[in-house]
Amino acid sequence: MVTADTEGARAKAVAHTAFYDDIPSYRRIVELSGARRAAELVVIGDEAVIAARVAEYFDAGATDVIFTQTDLTTPEDQRRTWEVLGALRRGRRTDAATALL
C-alpha cells in the first residue's frame, strides 16, 4: 500500500495479519519467504517502494502478481495504491514500470 504513514500502516498490518501466523500452511509460506511473520510480507511505502517490490516479484520469475484491497489506511492511500499498480500494469507492456523507480 502506498502511504506516507508507514509506521502506522505497519502496526495495523501486524494486527490485521497476526492470525495468519497461527495457520500452519500460511506459516510455511511466510517462512519460505524469509519473513518471521505475515505482516512483513505486506508491501508498504511510497510509489517507488511499491514499484520496486513489484519488479522484484517479476524479476524472480513471477508471471502473475495479485493484489488485494485494504482499508488499513486512508481512502487517499487506497487511490494512490491503485494508481501506481495500474501504471505498473500498463507499463509491463512497454517496460515503463521502471520509470516509476
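The values are calculated or read from the model by the stated rules, or taken from the named source; none is laboratory data. Given the structure is predicted, the values throughout are model-derived calculations rather than measurements. Positions of Cβ are backbone-derived with ideal geometry, glycine not excepted, and every protein chain shown enters the neighbour counts. When the accessible area is computed, the model is the full protein with side chains, heavy atoms only, and any ligands, DNA or RNA have been set aside. Shrake-Rupley method; radii C 1.70, N 1.55, O 1.52, S 1.80 Å.
Residue count for the stretch 28-40 satisfying the condition of being part of a helix (DSSP H, G or I) and farther than 16 Å from R10 by Cβ: 4. L72 passes every criterion in (1) surrounded by fewer than 16 Cβ atoms within 10 Å (Cβ to Cβ); (2) touching a His at 6+ places or on another chain (Cβ under 8 Å) apart from (1).
Of note, E7 satisfies the criterion of being among the acidic types (D, E) and at pLDDT 95 or above. Looking at the stretch 40-49, can you tell me whether even one residue there is in contact with a Gly (Cβ under 7 Å, 6 or more places away or on another chain) and not aromatic (F, W, Y)? Within the stretch 40-49 (the criterion being in contact with a Gly (Cβ under 7 Å, 6 or more places away or on another chain) and not aromatic (F, W, Y)), the answer is no, since none of the residues qualifies.
The set of residues from the stretch 1-60 being closer than 20 Å to L72 by Cβ, free of Cβ contacts under 8 Å to residues at least 24 places away in the same chain and of a type in the set (S, T, Y) comprises Y20, Y26, S33.
Going by the structure shown, is V43 open to solvent by less than 60 Å² (accessible area, probe 1.4 Å), assigned to a loop (DSSP other than H, G, I, E, B) and either on the phi < 0 side of the Ramachandran plot or not charged (D, E, K, R) (or both)? When the stated conditions are applied, V43 passes them.
Per this entry, V84 is not counted among residues that are open to solvent by 40 Å² or more (accessible area, probe 1.4 Å) and within 12 Å of the chain's Cα centre (by Cα).
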